[in-house]
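K.L.:
Can you keep this structure in mind? I'll have questions shortly.
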Amino acid sequence: MLSMQRRKFAVAAALLSACVVHGVTLAEPSHPDSPQVVHHAQGTITIPSVPQRVVVLDLGALDNLDTLGAPVVGVPEIKADMLPDWLSKYSSDEYKKVGTLFEPELDTIRELKPDLIVVGGRSSGSLKDLSEIAPTIDLSTSTSGFVPTVVQNLLTLGSIFNQEDLANQRAIELLQSVRELHSTAAEQGTGLLLFSVGESIKPQPPATRFGIIHELIGLPSVMTQADAGPPRQRGKGNATEEQTPEQIAQAEARKRKQLQDEAKRLQKLVDRDPNWLISLDRNSAFAERENGNELLKSDPAVSASNAYASNKVIYLSGRGWYLAAGGYQQMQHAIETVQTAFEKSSDND
């Protein structure tokens, strides 16, 4: 009996240290009828009581709300085949569609009479307009300290909905999963994150919109911010205006130069011989293809790499990462995908 208690204390201590390492403070119980002061990405608001009608315009936040069983009444309009499996129920008519991830339908939201609105990421710019309808919080995540902001958002919602115990439990579970993944990743060498869209492959450095994946996995990148290069230039002027032959030729020359520079940059990074390639494909988020494998296979630099030849390629969910990043369930699914890839590789070595 004593040894069992010691093991329990040891586990509890390990989980507590994980919270400390990630700079997260567990939520404390609040009185359900007392007003709450809530800190979020764009400021501080007071929520008078536990919300009963929630409108959410961010899928990562929806993931966390779902995890805690919050009373969601309105969600963004998303095709069913674009939602991660664990959020598929929100495509049903049971949940009112209140606009897109970018543009909320204010009149529709007003008719729902929500007592809390949650924005994040793409919808965060609508906070001011939405705040005129109901208390609104921004649960966007950060590219520096991504994991702590995900956990803090979960704990914030736990406090708002009087679900502190459940939120604390899920937070500890997530941090423990991250800790275990980092332990495994410590023996895996380096990685290179490849974001594919259309026919292009774009390497991503850490601490960027998609480079946060390196923080989650704990796999050092062979790429740095200095390797990123300038952002791709978009066409200038009104696309409907007729262009002269010279303007068309100049635009085509710029595009060729950009593609050549991107190919050279990719080759340079692959030459650093990452142990793992991490693939995130935008097209798969919209059910246009399964993943980025065919594109990686067709690229001469990638297909000739040691990582690709050794089947050390991790294909992450496009729907999860491109559309719904930052939720408890999405993070746990991603961790499981990476752990499985690491374990499979170890079995084959």
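Each reported figure results from applying straightforward, stated rules to the coordinates on display, with no laboratory input. Every value quoted in this text rests on a predicted model; they were computed, and no experiment measured them. Neighbour counts are summed over all protein chains in view; Cβ atoms, including those assigned to glycine, are modelled from backbone coordinates with ideal geometry.
K.L.:
Given R₀ = 30 Å, what would the calculated FRET efficiency be for residue 89 paired with residue 186, taking r from the Cβ atoms and rounding to 0.05?
P.N.:
Calculated value: 0.20.
K.L.:
Which Rg and Dmax, in Å, describe the Cα atoms of the stretch 78-144?
P.N.:
12.7, 37
K.L.:
Further question: Please give the length that would be gained between residue 249 and residue 107 if that part of the chain were fully extended, namely 0.36 nm times their separation in residues minus their C-alpha to C-alpha distance (nm, one decimal). Walk me through the numbers on the way to the answer.
P.N.:
Numbers: separation 142, 0.36 × 142 = 51.12 nm, distance 4.62 nm.
Gain in length upon complete extension: 46.5 nm.
K.L.:
What's the center-to-center distance, using Cα atoms, between the stretch 240-301 and the stretch 42-82 in Å?
P.N.:
Cα centroid to Cα centroid, the span is 35 Å.
K.L.:
Computed FRET efficiency, Cβ-Cβ of residue 257 and residue 303, R0 25 Å: what is it to the nearest 0.05?
P.N.:
0.55
K.L.:
Something else now. For residue 318, what is the net charge nearby, where nearby means another residue's Cβ is under 11 Å from its Cβ and Lys, Arg count +1, Asp, Glu -1?
P.N.:
Counting the neighbours of residue 318, the net charge comes to 0.
K.L.:
So for the stretch 42-172, averaging the separation of alpha carbon pairs under 8 Å that are six or more residues apart and normalising by length, what relative contact order in percent results?
P.N.:
Working: 199 pairs, mean separation 35.4, N = 131.
Relative contact order of the stretch 42-172: 27 percent.
K.L.:
Quick one: which residues, 5+ away or cross-chain, put their amide H under 5 Å from the amide H of residue 279? H built at 1.01 Å from N.
P.N.:
194, 314, 315, 316
K.L.:
When the convex hull of the C-alpha atoms of the stretch 113-215 is computed, what volume per residue in Å³ does it have?
P.N.:
Spread over its residues, the Cα hull of the stretch 113-215 gives 128 Å³ apiece.
K.L.:
Then there's this: Of 223, 82, how do they rank once you tally other Cβ atoms within 10 Å and put the fewest first?
P.N.:
In order of increasing Cβ crowding within 10 Å: 82, 223.
K.L.:
Taking the Cβ of each residue in 102, 286 as the centre, tally the other Cβ atoms inside 10 Å and list the residues starting with the fewest.
P.N.:
The fewest-first ordering by Cβ neighbours comes to 102, 286.
K.L.:
Separate question: Sequence-distant or interchain residues sharing an amide H contact under 5 Å with residue 289, placed H: which?
P.N.:
So residue 289 has HN proximity to 284.
K.L.:
If you take all C-alpha pairs in the stretch 22-181, what percent of them are over 25 Å apart?
P.N.:
Of the Cα pairs, 26 percent sit more than 25 Å apart.
K.L.:
Additional query: Once you treat every alpha carbon in the chain as an equal point and sum by Debye, what is log10 I(q)/I(0) at q = 0.14, 0.15 Å⁻¹?
P.N.:
These q points yield log10 I(q)/I(0) values of -1.19, -1.29.
K.L.:
A further question follows. What number, rounded to the nearest 500 deg cm²/dmol, is the helix-based mean residue ellipticity at 222 nm of the chain, given -39500 (n - 2.57) per DSSP H run of at least four residues and division by all its residues? Present the calculation step by step, with values, prior to reporting the outcome.
P.N.:
Values: 13 runs with 149 residues, N = 349.
Rounded to the nearest 500, the figure is -13000 deg cm²/dmol.
K.L.:
For the stretch 239-288, what log10 I(q)/I(0) values come out of the Debye formula at q = 0.26 1/Å, with one point per alpha carbon and no solvent?
P.N.:
With one equal scatterer per Cα and no solvent, log10 I(q)/I(0) is -0.95.
K.L.:
Listed here are the pairs 79/113; 79/264; 264/297; which of them are more than 27 Å apart at the Cα?
P.N.:
79/264
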